[in-house]
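Inspection log for the structure reproduced underneath, given as structure tokens.
Every read-out reported here was derived from the displayed coordinates using simple, explicitly stated rules and does not represent laboratory data. As the structure is a computational prediction, the values presented were derived from the model and not from experiment. Virtual Cβ from ideal backbone geometry, glycine too; neighbours counted across all protein chains shown.
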Amino acid sequence: MHASLRPGLTARLDYVVPVARTVPHLLPESDDFTALPEVLATGYLVGIVEWTCMRALQGHLEDGEQSLGVHVDLSHQAPTPPGATLTVLAELTAVEGRQLTFTVHAHDDAATVCQGTHRRAVIDTERFHARLNARTTD
């Protein structure tokens, strides 16, 4: 991790919600999901929040490092229909060793959509893959 990786880093992501990111498309093999309204799915919202936090880290990790999401504590307060723009703001609020905590807020034109925190861990990519391979090799 570079010395520049410290609290105060921010990122913003403007995301136009496509139909493919709505609830019926989250798990199309589930009749329970396909029967629900076409609004941004919470599962995709989490991914968009993670993406925003990863953008805040660009240029602040060493070669061979990446970050993985390890904890999510988010509200999903309002529905966002397809075609609407979701704006996500993320701020790095704590760096504790390799653990990074972000405060996040998302809104569309009509309402606050999401608030909360997200934690990421900085990993050594090569070491992570070695550990993963050890778990998946017969």
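Here Cα extents along the principal axes in Å was calculated from the structure, and among (i) 44, 43, 21; (ii) 38, 30, 30; (iii) 53, 42, 23 it sits at label (i). Sorted ascending by nearby beta carbons within 10 Å, beginning with the fewest, Val49, Val19 become Val19, Val49.
Within the shell of other residues whose beta carbon sits under 15 angstrom from the beta carbon of Cys114, the net charge comes to -4, with Lys and Arg scored +1 and Asp and Glu -1. Note on Arg12 and Glu29: the model spin-label points, each 7 Å out from Cα along the C-beta direction, lie 4.0 nm apart.
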